[in-house]
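Taking it in order: structure first as structure tokens, then the write-up.
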Amino acid sequence: MDVRSLSQHMNLSELLERMVEAPMDDDLCPRIRRSEQALMAHHEAVLRAYGLTMTQYTVLLALAREGGLSGAQLARSCGVTQQSMSSVLANMETKELIRRETSPVHAKVQIATLTEEGQALLDRAYQEVIILERALTDAFTPAEHATLCELLERATNVLIQQTRRATVPPAG
């Protein structure tokens, strides 16, 4: 039962009392947040040695996997605004990690692609980043790993659904 349906069956004070009484160790959101913070801290520490931010690394990875992409596509992929991505791409172009050319389809759209320097830097950084992925994979049996991936995907879908609901103004 989610919080909304639960709150329909009890008054606000009962709901708050139940939430306060619930052991913190059982709350998923703080655990997910703590895992995300640990992951980001690790990646940022590793990437700093290569002169990259997490967003820059994600751009390099997306371009390596997808080929040329627009700033808007990269912004969505990295979870940042188009304005932020514009700044990131300008910085990466200055470092000669990417090149941007006018789209053959839309004259106002710039398509970013990896340079040889960008690909080489990604390859070096990836060798460090993959160490954590292997350590995490090795911490679980194959069945546990598959289950964890499934559970994380399910949790992500719930978070997305709840965010969509939270952004819809209440009727009335």
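The values are calculated or read from the model by the stated rules, or taken from the named source; none is laboratory data. All of these numbers come straight from a predicted model, not from anything done at the bench. Note: ideal-geometry Cβ built from the backbone for every residue, glycine included; neighbour counts use all protein chains shown.
Listing for the model above:
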| quantity | calculated |
| --- | --- |
| Residue ranges of helices (runs of 4 or more DSSP H) in the stretch 40-98 with at least 3 members more than 29 Å from Arg134 (Cα to Cα), modelled with pLDDT of 95 or more and within 14 Å of the chain's Cα centre (by Cα) | none |
| Qualifying residues in the stretch 15-39 (those that are assigned to a helix (DSSP H, G or I) and exposed (fewer than 10 other Cβ atoms within 10 Å of the Cβ)) - the one modelled with the highest pLDDT | Cys29 |
| Residue within the stretch 135-146 that is closer than 28 Å to Gly71 by Cα, of a type in the set (A, V, I, L, M, F, W, C) and surrounded by 13 or more Cβ atoms within 10 Å (Cβ to Cβ) present | no |
| Matching residues, the stretch 124-161, being polar (S, T, N, Q), closer than 30 Å to Gln56 by Cβ and over 17 Å from the mean Cα position of the chain (by Cα) | Gln127, Thr137 |
| Unmet requirement for Ala107, which otherwise passes all of (1) more than 25 Å from His42 (Cα to Cα); (2) small (Gly, Ala, Ser); (3) within 21 Å of the chain's Cα centre (by Cα) | (3) |
| Scope the stretch 99-118; condition in contact (Cβ under 8 Å) with a residue 12 or more places away in the chain, surrounded by fewer than 16 Cβ atoms within 10 Å (Cβ to Cβ) and not in a strand (DSSP E or B); matching residues | Ser103, Val109, Glu117 |
| Filter result for Arg154 (assigned to a strand (DSSP E or B) and not acidic (Asp, Glu)) | no |
